[in-house]
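Please treat every number below as a calculation from the coordinates, not as lab data. Just so we're clear, the structure is a prediction, and the values are computed from it rather than from any experiment. All Cβ positions, even for glycine, are placed from backbone atoms using ideal geometry, and neighbour counts span all protein chains on display.
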Amino acid sequence: MNTPSANLPNAVELKPGTLIHGVILGCFCLGFGLLLALTYSRTRDDIAARGLEDKQNSLRQVIPPGLHDNDPVTDTLAMSDAAGKPLTVYRARREGRVTGVAYEIAGPGYSGEIRLIMGIAADGKLLGVRVLAHKETPGLGDKIEVKKGDWILRFDGLSLGQPPAELWKVKKDGGQFDQFAGATITPRGVLVAIRSGLDFFAANRAALTAEN
Amino acid sequence: MATDYRTLVKDGLWNNNGVFAMMLGLCPAMAMTTSATNGLGMGLATTAVMAAASCLVSLFRKLITREVRIPVFILISAAMVTMVDLAMNAWMHELYKVLGLFIPLIVVNCLPMARFEAYASKSPPLPAFVDGLFMGLGFTIALVAIGAIREITGSGTLFADASLLLGPAFKVIELRLLPADSGVLMMILPPGAFLATGLLVVVKRLLDRRIAAAKAKAPNVVHSPA
């Protein structure tokens with residue numbers, strides 16, 4: 001099976017039996033590939049359902065259920081943020097009227113990006129902010145998680161004018177929000193994110209709260 | 001040659017422990033052990049993959065030629081890990097949210113690779129399965145021990161959030177041993193992993209030496225009653 005071809009003068013002469021190794025490896029790849037394809041097709045729908053539930057759970061934390069009679073997860077609006085990046089906006093409606101919106105925001109943390117979700121009522125008041133993912137130092141920066149502290153709850157009910165825009169900073173930077181012991185960069189990143197989210201709402205208010 | 005399962009069990013759990021004796025799989029052993037619960041979860045996931053993959057390697061051992069054994073071993077363990085990853089995401093989603101990040105790390109753990117090469121590829125399926133299982137359990141014990149030391153000294157808790165991993169019935173093993181915020185933060189950070197692992201290696205060596213000394217004193221007793 002491995003006789004060097006006379007027609008190809010430059011063909012490398014294979015060591016006897018080399019081909020069989022390739023065939024064996026190929027067979028294993030094929031077999032396990034099929035097994036993986038089967039597993040994927042069996043789990044695909046369940047994984048998608050779990051992903052949707054996760055999203056509903058995080059939206060429920062920033063949009064109170066009393067505010068809407070629709071399912072905000074499926075009532076989305078594709079927008080782009082100030083930097084031109086695509087942003088999905090989830091809308092809460094009651095009797096067709098938009099009562100609030102939620103979208104993801106992000107800010108620079110101590111070690112990587114902090115991703116949050118923010119809910120904001122149609123009148124511009126913050127309904128809530130929650131951390132989705134971060135890589136902050138355990139025991140220090142992770143106090144931004146609602147599980148580990150109530151720091152993140154202090155933004156509920158505030159808006160861009162209340163407090164004034166220039167006070168949306170941590171105290172160390174001349175703002176009005178407490179940083180927490182040993183960590184300034186993390187709260188600063190969260191405030192940058194919230195501020196950008198509030199600015200986004202202010203800039204796109206009409207589009208965000210439009211009926212359709 | 002008859003397989004001595006007792007030796008397999010003892011080697012896996014203690015004598016030839018993956019982390020403390022062979023010094024393998026140190027990357028997950030250090031990265032994953034910020035708490036005892038994390039260590040337990042990672043250990044159990046590794047155990048499941050190792051036992052199943054060892055068994056598979058052994059079943060195919062006559063087909064796998066020497067030249068391609070390494071890629072085939074990697075293929076087998078990567079396929080097992082991906083299947084576990086997908087299945088957990090679909091059917092054990094709460095657990096997946098805790099462990100999901102770390103499941104793919106099992107592929108790059110050199111402990112399964114070492115056992116495939118040194119044992120599973122040369123033994124029948126059952127001993128290979130037992131070897132994979134107990135090497136995995138030994139790994140789990142090591143991870144829980146490192147995690148426990150780091151969690152107690154770093155956060156003052158033990159088995160925090162274990163109910164997320166094992167179910168609500170395990171709420172009782174979630175302990176707070178020291179007041180909140182009194183832990184040494186360094187122990188949860190990477191240096192703590194090196195300190196705790198090093199300390200446990202020393203403890204194991206000291207115990208081994210003591211056992212050897214006790215055996216030397218009573219050379220006629222082959223099976224000590226204890």
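Beta carbons within 10 angstrom, averaged per residue: use that to sort the peptides B:147-158, A:94-105, A:164-175, A:78-89, highest first. Walk me through the numbers before you get to the answer.
Values: B:147-158: 22.1, A:94-105: 18.9, A:164-175: 14.0, A:78-89: 12.1.
By packing density, highest mean first, the sequence is B:147-158, A:94-105, A:164-175, A:78-89.
Springs between alpha-carbon atoms under 10 Å, Gaussian network over chain A: tell me which of A:158, A:30, A:132 tops the mean-square fluctuations.
A:30
Compute the Cα gyration tensor for chain B, then decide on rounded, prolate or oblate, letting a ≥ b ≥ c be the square roots of its eigenvalues: rounded whenever a/c is under 1.5, prolate when a/b is larger than b/c in the other cases, and oblate in all that remain.
oblate
Can you give the FRET efficiency for residue A:95 and residue A:49, using 1/(1 + (r/R0)^6), R0 = 30 Å, r = Cβ-Cβ distance, to the nearest 0.05? Write out the running numbers ahead of the final one.
On the way: r = 28 Å, r/R0 = 0.95.
Taking R0 as 30 Å, the efficiency between residue A:95 and residue A:49 is 0.60.
Hey, quick one: spin label on residue A:123, modelled 7 Å out along Cα-Cβ, who in region A:91-107 has an amide N within reach, i.e. under 14 Å?
A:99-100
After finding the eigenvalues of the alpha carbon gyration tensor for region A:61-209, what semi-axes result from the square roots of 5 times each, listed largest first in whole Å?
On the way: eigenvalues 133, 49, 42 Å².
They are 26, 16, 15 Å, listed largest first.
Which order results if B:106, B:64 are arranged by neighbouring Cβ count within 10 Å, fewest first?
Ordered from fewest to most neighbouring Cβ atoms within 10 Å, B:106, B:64 come out as B:64, B:106.
Need one number: nm distance between label points at residue B:216 and residue B:108, each 7 Å from Cα along Cα→Cβ, rounded to one decimal.
So the label points at residue B:216 and residue B:108 sit 4.2 nm apart.
For residue A:127, what residues show an amide H to amide H distance below 5 Å, using hydrogens built from the backbone and excluding near sequence neighbours?
Those lying under 5 Å, H to H, from residue A:127 are A:119, A:120, A:121, A:157.
Could you let me know the centre-to-centre spacing of region B:101-115 and region A:137-198, using Cα atoms, in angstrom?
Their Cα centres are 39 Å away from one another.
Build a GNM of chain A with springs between Cα atoms under 10 Å: which of A:114, A:152, A:47 gets the top mean-square fluctuation?
Looking only at A:114, A:152, A:47, the biggest GNM fluctuation is shown by A:47.
I want to check the label-to-label distance for residue A:42 and residue A:88. Put each point 7 Å from Cα in the C-beta direction and report it in nm to one decimal.
In this crude label model, residue A:42 to residue A:88 measures out at 2.8 nm.
Could you sort out which of A:148/A:171; A:85/B:97; A:148/B:10; B:97/B:122 sit more than 32 Å apart by Cα distance in this structure?
Cα-Cα > 32 Å for A:148/B:10; B:97/B:122; rest within.
Given a Förster distance of 22 Å, report the FRET efficiency between residue A:205 and residue A:78 from their Cβ-Cβ distance, rounded to the nearest 0.05. Intermediate values should be presented prior to the final figure.
On the way: r = 17 Å, r/R0 = 0.78.
Efficiency computed from Cβ-Cβ geometry: 0.80.
Sorted by packing (mean other beta-carbon atoms within 10 Å per residue), highest first, where do A:18-27, B:40-49 land?
B:40-49, A:18-27
Would you pull out the residues with amide H under 5 Å of residue A:105's amide H, same chain only if 5 or more places away, H placed 1.01 Å from N?
Amide H neighbours of residue A:105, under 5 Å, 5+ apart: A:116, A:117, A:118.
Taking each pair of different alpha-carbon atoms in region A:125-190 once, compute 1/r for the pair, average those values, and report the inverse of that mean as the Kirkwood hydrodynamic radius in Å to one decimal.
When all Cα pairs of region A:125-190 are included, the Kirkwood radius is 12.3 Å.
In Å and whole numbers, how far do the C-alpha atoms of the protein assembly as shown stretch along each principal axis, longest first?
For the protein assembly as shown, the Cα spread along each principal axis is 82, 74, 43 Å.
Counting only helical runs of four or more DSSP H residues, what would the 222 nm mean residue ellipticity of the protein assembly as shown come to if each run contributes -39,500 (n - 2.57) and the total is spread over all its residues?
One gets -16500 deg cm²/dmol as the mean residue ellipticity at 222 nm.
I'd like the FRET efficiency for residue A:18 and residue B:3, computed as 1/(1 + (r/R0)^6) with the beta carbon distance as r and R0 of 30 Å, rounded to 0.05.
On the way: r = 35 Å, r/R0 = 1.15.
So the FRET efficiency works out to roughly 0.30.
Between A:93, A:130, A:50, where does the largest GNM mean-square fluctuation fall for chain A, given springs only between Cα atoms within less than 10 Å?
Residue with maximal mean-square fluctuation among A:93, A:130, A:50: A:50.
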